[in-house]
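Below is one structure, written out as structure tokens; the observations come after it.
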Amino acid sequence: MNFKRIFKGPLPYILIAIIVFWVGSSLLNVNGMREVSTDHGLELLNDGKVTEVTLTEGDNRADLTLAKADGDNGKLVQFYYLTARAEDVVAAVDAAAPSDGFTDKVPQPSWWLSALGLLLPLLLIGVFFWIMLSSMQGGGSKVMQFGKSKAKLVSKESPKVTFADVAGSDEAIEELEEIKDFLKEPARFQAVGARIPKGVLLYGPPGTGKTLLARAVAGEAGVPFYSISGSDFVEMFVGVGASRVRDLFTQAKENAPAIIFVDEIDAVGRHRGAGMGGGHDEREQTLNQLLVEMDGFDPKANVIMIAATNRPDILDPALLRPGRFDRQIGVDAPDLKGRTRILEVHAKGKPMAESVDLDVLARKTPGFTGADLANVLNEAALLTARSNAQIIDNRALDEAVDRVMAGPQRRSRVMKDQEKLITAYHEGGHALAASAMRNTDPVTKVTILPRGRALGYTMVLPLEDKYSVTRNELLDQLTYAMGGRVAEEMVFHDPTTGASNDIEKATGIARKMVTEYGMSANVGAIKLGQSSGEVFLGRDMGHQRDYSEQIAETVDAEVRALIEQAHDEAWQVLNDNRDILDRLAAELLEKETLDHNQLAEIFANIRKLPPRPQWLSSSKRPVSDHPPIAVPISKAPIDPGVTDGGVESDTPPARAPQVNPRPATA
């Protein structure tokens with residue numbers, strides 16, 4: 001038993017309080033009496049065993065002091081008698097004639113006992129509150145400090161993170177370098193009338209290094225750095241969050257120049273009026289106080305607020321206006337060079353084989369964030385240690401990429417021969433359809449080994465980062481997604497539930513082509529629907545559909561037409577290359593996994609799909625034969641981030657690897 005832990009807790013104080021209470025009760029009852037029945041008291045009087053009697057007429061009580069002969073010298077007993085028996089008691093006392101006589105005065109306790117009886121409850125209450133305050137000292141949770149800020153001040157002696165430890169975010173680092181320079185030399189900026197941004201918002205997908213960038217600013221600037229989460233402001237008691245905001249900014253101003261970093265600010269900075277509650281919602285009160293504090297900075301106060309969020313679309317507009325968050329920095333998934341540098345940073349201290357090429361590994365991981373790449377190298381190290389090896393090789397890295405992308409391999413899952421054959425043709429249909437298209441990325445791997453929730457998958461990786469997707473590329477993705485279903489229909493004439501994920505992704509691409517990308521001649525280049533990709537109940541609730549039922553029917557017909565066209569193209573490709581499909585399925589049954597070299601040999605004589613006719617949004621417009629200029633015009637990145645044959649979002653700048661798993665469940 002850990003006695004030190006017991007005595008450090010509130011238990012000793014509780015025991016002391018119990019002892020004090022018991023001793024005090026004993027002192028108060030030093031003249032206490034044992035209560036007996038009236039008949040027994042009269043019997044004691046009649047037997048002559050009483051030396052002193054005190055009668056209390058108002059209470060009809062008799063206090064008796066016993067004699068030595070009873071063996072209880074000095075012990076007191078008492079009994080109560082009815083008014084009707086008062087004469088009997090007086091007669092019994094006269095007949096007994098006690099040696100010390102009797103009196104009819106009520107005995108009064110001493111003054112110090114009365115004072116002790118008054119002070120003891122107050123003392124016990126004080127001890128109780130002292131124990132409660134002492135047991136709640138950790139983590140700024142004292143009762144008296146309930147409204148104080150929970151921000152953690154990063155110590156200067158703690159290990160520093162600098163911009164050298166951050167890779168793949170060159171533009172964000174360049175913007176934050178200016179913040180660091182202002183904190184170190186504010187006079188240089190103020191001399192030319194420049195005003196440093198009061199707030200910097202870092203936004204982007206999860207795992208891109210937003211928190212790491214904020215820590216790097218603190219390490220580079222060498223100023224007090226207050227770190228807090230947005231959820232730390234919000235409590236169940238109204239007004240606590242606003243009080244913590246005031247206390248946080250007061251501390252920062254007293255220690256200026258300083259940096260305040262609020263992680264996941266969307267927890268407190270969501271759009272006002274979007275919740276289900278009223279205007280007195282605690283979160284909204286906290287946001288109001290945050291807006292006041294950010295706008296009330298002294299122009300010469302060197303306090304900068306840095307915030308990070310994954311959902312900038314749901315933040316309140318008043319929070320994003322100039323004067324509060326003047327600068328908004330997007331932190332996206334890194335490009336090829338950025339992934340290479342991130343891998344180099346995380347590979348430090350790990351024994352890598354000489355054959356490992358981080359550039360090749362970076363090409364295999366398009367769309368991966370910094371957290372994903374760190375997880376890949378960590379998984380490779382764990383696999384190496386699990387196999388009792390000393391050096392991380394390409395085999396471990398390839399397996400780590402597969403684990404991060406599709407999950408761990410399910411070696412315990414044993415499939416029947418017929419189901420394994422269906423899976424081989426299903427994945428072969430995907431691979432063959434993708435290779436026969438003219439605008440798809442190369443097929444790099446096909447496997448029928450169960451991994452994660454999939455019975456098999458086909459991996460399609462781009463050769464380089466892309467920032468936009470053409471209509472023909474999207475149509476090829478639809479055909480590639482339908483290849484597995486068509487192979488099952490063509491070979492077995494009985495499709496399975498394995499194509500459910502493919503159909504879901506294909507339907508999502510087709511609907512986005514019609515409603516968002518304007519790639520339907522019948523619907524036109526218009527945006528249908530109010531959704532911006534991410535669901536926000538408070539904003540989307542109550543918004544009605546902005547198009548008619550007739551347009552909705554047209555949209556459904558166009559989506560169906562695109563899916564049917566993809567189905568027909570996949571059927572044509574697989575039918576023209578049936579011999580290659582059979583050979584590919586046989587190779588998968590024998591080897592279970594095929595890499596890009598083996599696939600290139602099988603697809604050497606593949607017959608590709610003929611080019612599609614030129615697409616025009618309307619047949620009434622004339623066709624221009626003027627060729628494009630030699631240098632392509634740069635366009636804003638609108639890549640839809642294709643994953644698993646589907647469109648996930650419009651924000652990632654790099655295309656993630658396309659994986660078409662065959663789900664293990666219906």
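The values are calculated or read from the model by the stated rules, or taken from the named source; none is laboratory data. These figures come from a predicted structure and were not determined experimentally. Ideal geometry is used to build each Cβ from the backbone, glycine not excepted, and the neighbour counts take in all protein chains shown. Please note that ligands, DNA and RNA were not included when accessible areas were found on the heavy atoms of the full protein model with its side chains. Shrake-Rupley method; radii C 1.70, N 1.55, O 1.52, S 1.80 Å.
Observations on the structure shown:
- Residues that are under 41 Å from the mean Cα position of the chain (by Cα), among the charged types (D, E, K, R), under 29 Å from R471 (Cβ atoms) and open to solvent by less than 70 Å² (accessible area, probe 1.4 Å) within segment 558-614 comprise just one, E558.
- Odd one out for D417 among (1) touching a Lys or Arg at 6+ places or on another chain (Cβ under 8 Å); (2) farther than 20 Å from T507 by Cβ: (1)
- Meets criteria (in contact with a helix residue (DSSP H, G or I) (Cβ under 6 Å, 6 or more places away or on another chain) and small (G, A, S)) for G484: yes
- Residue check, Q477 free of Cβ contacts under 8 Å to residues at least 24 places away in the same chain and farther than 19 Å from N575 by Cβ: no
- Given (1) within 25 Å of I173 (Cβ to Cβ); (2) in contact with a helix residue (DSSP H, G or I) (Cβ under 7 Å, 6 or more places away or on another chain); (3) open to solvent by less than 20 Å² (accessible area, probe 1.4 Å); (4) of a type in the set (S, T, N, Q), number of the condition T286 does not satisfy: (1)
- Residue pairs meeting the criteria (Cβ under 7 Å; at least 6 apart or on separate chains; first over 23 Å from L212 (Cα atoms), in segment 374-389; second among the charged types (D, E, K, R)): L383/E399
- The residues listed here are D502, D494, D465, D476; of these, the one that is within 21 Å of W615 (Cβ to Cβ) and either outside the structural domain of L581 (by the TED database) or out of contact with any strand residue (DSSP E or B) (no Cβ under 6 Å at 6 or more places or on another chain) (or both) is D476.
- Against the conditions (1) over 20 Å from D402 (Cβ atoms); (2) open to solvent by 40 Å² or more (accessible area, probe 1.4 Å), I314 satisfies every one except (2).
- Segment 411-457, residues that are open to solvent by less than 20 Å² (accessible area, probe 1.4 Å), of a type in the set (V, I, T) and closer than 15 Å to R485 by Cα: T423
Conditions tested, residue by residue: (1) under 30 Å from the mean Cα position of the chain (by Cα); (2) in a loop (DSSP other than H, G, I, E, B); (3) crowded, with 17+ Cβ neighbours inside 10 Å.
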{"site": "Y467", "(1), (2), (3)": "yes, yes, no"}
{"site": "L474", "(1), (2), (3)": "no, no, yes"}
{"site": "R485", "(1), (2), (3)": "no, no, yes"}
{"site": "K505", "(1), (2), (3)": "yes, no, yes"}
{"site": "I509", "(1), (2), (3)": "yes, no, yes"}
{"site": "K512", "(1), (2), (3)": "yes, no, yes"}
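- The condition (being at negative phi, open to solvent by less than 70 Å² (accessible area, probe 1.4 Å) and in contact (Cβ under 8 Å) with a residue 40 or more places away in the chain) is satisfied by just one residue among R324, R363: R324.
- Cβ-Cβ contacts under 8 Å between residues 6 or more apart (or on different chains), taken from a first residue in segment 501-514 that is under 16 Å from S468 (Cα atoms) to a second residue that is open to solvent by 40 Å² or more (accessible area, probe 1.4 Å) and in a helix (DSSP H, G or I), are listed as M513/R471.
- Condition check for L463: more than 22 Å from W571 (Cβ to Cβ) and either modelled with pLDDT under 90 or more than 31 Å from the chain's Cα centre (by Cα) (or both): yes
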